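Shown next, in structure tokens, is the structure this report addresses.
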Amino acid sequence: MTTPADLVILGSVYTGDAVRSWARGIAVRGNRIVALGTAEQMHELVGPTTRVVDAAGKLVTAGFQDSHIHAPFAGRNRLHLYLLDTHGRENYLAQIKEYADSRPEQPWISGGGWAMEYFPGGNPHKDDLDAIVPDRPVFLFNKDTHGAWVNSRALEIAGIDDSVADPSDGRYERDSEGRLTGMLHEGAAYSFEERWVPKPDKDEWKAAIRGAQEYLHSLGITGWQDAWVTPQTLEAYAELAAEELLTARVVGALWWDRHRGVEQIADLVAQRERGTGGRFFPTTVKMMTDGVLENYTGSLLAPYCDGCGGHTDNAGLQFIEPEMLNAALDQLTGLGFQVHLHTIGDRAVRLALDAIEHAIAVHGRHDLRHHLAHVQVVHPDDLPRFRALDAVANCQTLWAQSDAQMDELTVPFLGQDRVDQMYPFGDLARSGAVLAMGSDWPVSTADPLQQMEVAVTRVGTEDRSVAPFLPHQAISLAEALAGFTSGSAYVNHDEADAGTLEVGKRADLVVIDRDLFALDAGPIGDAKVELTVANGRVVHDTLR
């Protein structure tokens, strides 16, 4: 007698396998997919306790994996001052004031998520914060976490005044008279936060991760790669995994301290050994090689434009110079670490690929799947190198659209030749590169469906009337869906067990409220996930 399934879903099942085949039903027993086939075949597996879901008119697909996300930090912001869903300077100030006024006992006001596009030149001013919170320090990361907005009280506590020198890996924004404005870029923000802003304890980090996990499951995300794991968040993840409270499968990218050298690798090895267990795998190292274009710290092969048709003498910051990058990739590869490289500018992309090539020359071909995140500007000569070097392109597709940040803070300072090289997802796919996709949440939305829409249309979901951004770089829906399923599973070394719907694989799957492939489905980003199953467990459900 056939053992009944625990869950049977009937409807359009997109397997995402090599031939992109379809089934009319899927059955789950325990944490495994036990059958795919016709509705009649699925009915044979229905027993008295089997849950049967009618997904007619909907789409069943593999669970999404996010290849670049900051879940603990996003979860912590959601516990504190979370500005990502707010838009505009006045709205930010109103929310900050309401938050501070309702928490008079809180010594610091911290959080983040504000967007640069709502401030002149992308830089807010401390005077605005001083007017609403004059008595307590305020520290607020912007949404890309490459800069922070602070008030005068915060600067006073830190002993920072107009005479302060810029750090080597960042800068303090100043007005025309050299006075601090309260905007801290890159290393100036990170060192301030590290030294002065109160740190969460382990319980707060665990709560932040669990809150983020619940939210990500509601978006169909069953696994992710955390792109910034600190010793503190490592401990929180490890405890949650040991307590079987980590329902997602998580790969942790251990943070590379760019102020240290290869001597830190022993610490990373110890963290990997200490943290691995359950559904948590801290087997990757994250290296921040450059900054971002909007504050002119992304590393470019030629200097930035001045916004008026000329050029500057600034080509950005390369946080890890080539010799150190090569040495680190060499040693990390030899120790079996995957390396996750932040690469925004075309020079950062090239140097990262050079380092991967160097590691191959030393160690030979391997299966570590080093990957380059963001790939915002890629020189055409470097496009075929991704496939040649087995380097994965880790794409944040939501950013490939025309919006205020792009039009006002990026395009004028790159010049058209480099603008034409931005977010070349289509060319990368056509060259045979593996594409994985991630949100960089809380930098931008964690919703994979909204990100897929931009990948397919090169138009944002907030205003679909604008012209597409470099439409020849669009990819198909099947390619975008693969980026969030099989592509991200591949970069997470999980493709043998997830990323596609196949008998014997882990039961990670989602039910979407419409068939995205149907001609009348409407915008991809308007679709919603109604059911999420992670490791055979229902973790999000609006169908009951």
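Readers should treat all values here as calculations from the given coordinates under stated rules, not as data from a laboratory. A quick note: this is a predicted structure, and the numbers were derived from the prediction, not measured. Note: ideal-geometry Cβ built from the backbone for every residue, glycine included; neighbour counts use all protein chains shown.
V539's amide H: which non-local residues (gap 5+, or another chain) put their own amide H closer than 5 Å, with H modeled 1.01 Å from N in plane and none for Pro or chain starts?
Result for V539 returns T532, V533, A534.
Give me the percent of DSSP beta bridges within the chain that run antiparallel, rounded to the nearest 5.
Of those bridges, close to 45 percent are antiparallel.
Take the Cα of D17, step 7 Å along the line toward its Cβ, and report every residue of the range 491-514 whose backbone nitrogen sits under 20 Å from that point.
Of the residues in the range 491-514, 494-511 have backbone N under 20 Å from the label point off D17.
Helix 89-101 versus the longest principal axis of the chain: what is the Cα-based angle in degrees, 0 to 90, to the nearest 10?
It works out to around 90 degrees.
Taking neighbour Cβ counts within 10 Å as the exposure measure, how do D130, D135, D54, D290 sort from fewest upward?
Working: D130 15, D135 9, D54 12, D290 27.
So the ranking, lowest neighbour count to highest, is D135, D54, D130, D290.
Which whole-Hz ³J(HN,Hα) couplings does the range 131-136 yield from phi under the Karplus relation 6.51 cos²θ - 1.76 cosθ + 1.60, θ = phi - 60°, glycine and proline marked x?
5, 10, 9, x, 9, 10
Report, to the nearest 10°, how far helix 265-275 tilts away from the longest principal axis of the Cα atoms in the chain, using its own Cα long axis and a range of 0 to 90°.
40 degrees
Under 5 Å between amide H atoms, partner at least 5 residues away or on a different chain: which partners does V52 have, H built in plane at 1.01 Å?
Residues meeting the amide H criterion: V8.
For Cα pairs less than 8 Å apart in space and 6+ apart in sequence, what is the mean separation divided by the residue count of the chain, i.e. the relative contact order in percent?
About 17 percent, as a whole number.
Which whole-Hz ³J(HN,Hα) couplings does the range 170-187 yield from phi under the Karplus relation 6.51 cos²θ - 1.76 cosθ + 1.60, θ = phi - 60°, glycine and proline marked x?
Values per residue, Gly and Pro as x: x, 7, 9, 5, 10, 7, 5, 9, x, 8, 5, 9, x, 9, 10, 9, 6, x Hz.
Roughly how big is the chain's charge dipole about its Cα centre, with Cβ charges of +1 (Lys, Arg) and -1 (Asp, Glu), in debye to the nearest 20?
1540 debye
Once label points are set 7 Å from the Cα along Cα→Cβ at both D267 and H472, what is their separation, rounded to one decimal in nm?
Calculated label separation equals 4.7 nm.
Would you give the gap between the C-alpha center of the range 249-318 and the C-alpha center of the range 348-420, rounded to a whole Å?
13 Å
HN-Hα J couplings of the range 448-454 from phi, Karplus 6.51/-1.76/1.60, θ = phi - 60°, integer Hz, Gly and Pro as x?
x, 5, 5, 5, 4, 4, 5
Report, by chain and number, residues whose modeled amide H sits under 5 Å from the one on G460, excluding near sequence neighbours (fewer than 5 apart, same chain).
Amide H to amide H, under 5 Å and 5 or more residues apart or across chains, G460 pairs with S402.
Within 10 Å of each residue's Cβ, count the other Cβ atoms and sort C308, C395 from fewest upward. List each step's numbers first, then the result.
Working: C308 6, C395 33.
Final ranking by Cβ density, sparse to dense: C308, C395.
Report the extension gain between R387 and R136 in nm, rounded to one decimal, defined as 0.36 nm multiplied by the number of residues separating them, less their alpha carbon distance.
Residue separation times 0.36 nm, minus the Cα-Cα distance, leaves 85.2 nm.
Using a 10 Å Cβ count of at most 11 others and DSSP loop calls, identify the longest part of the chain lacking such GluC sites (Glu not before Pro).
245-461
Could you work out the relative contact order of the range 164-284? I mean the mean sequence separation of Cα pairs under 8 Å and 6+ apart, divided by the number of residues, in percent.
Details: 143 pairs, mean separation 24.2, N = 121.
Normalised by residue count, the contact order of the range 164-284 is 20 percent.
Among DSSP bridges having both ends in the range 200-290, what percentage is antiparallel? Round to the nearest 5.
Percent antiparallel among DSSP bridges in the range 200-290 is about 10.
Note down the magnitude of the dipole of the range 281-491 about its Cα centre, charges +1 on Lys and Arg C-beta and -1 on Asp and Glu C-beta and zero elsewhere, to the nearest 20 debye. Before the final figure, lay out each step's value.
Numbers: 11 positive and 26 negative charges, 128 e Å.
That gives the range 281-491 a dipole magnitude of about 620 debye.
For the range 108-196, calculate the relative contact order in percent as a whole number, restricting contacts to Cα pairs under 8 Å that are 6 or more residues apart.
Relative contact order here is 27 percent.
Within the range 81-157, what percent of beta bridges assigned by DSSP are antiparallel, to the nearest 5?
Percent antiparallel among DSSP bridges in the range 81-157 is about 30.
Under a plain spin-label model, where a point goes 7 Å from the Cα along Cα-to-Cβ, how far apart in nm are D367 and S465?
Between D367 and S465, the label points sit 5.3 nm apart.
Taking one equal scatterer on every alpha-carbon of the range 108-196, how large is log10 of I(q)/I(0) by Debye at q = 0.13, 0.18, 0.22 1/Å?
Per q value, in the given order, log10 I(q)/I(0) is -0.35, -0.70, -1.11.
Between the helical axis of 346-363 and the dominant principal axis of the chain, each derived from Cα atoms, what acute angle in degrees is found, rounded to the nearest 10?
Approximately 60 degrees, to the nearest ten.
When V285, V539, V269 are ordered from fewest to most other Cβ atoms inside 10 Å of their Cβ, what list results?
Least crowded to most crowded, the residues run V269, V539, V285.
Just tell me which lysines come within less than 26 Å, Cα to Cα, of K528; anything on the same chain fewer than 8 places away is out.
K58, K143, K505
So how far apart, in nm, are the two label points at D175 and E321 if each is 7 Å from Cα heading toward Cβ?
My value for the distance between the label points is 3.7 nm.
Size of the chain along its principal axes in angstrom, Cα-based, largest extent first?
82, 55, 52
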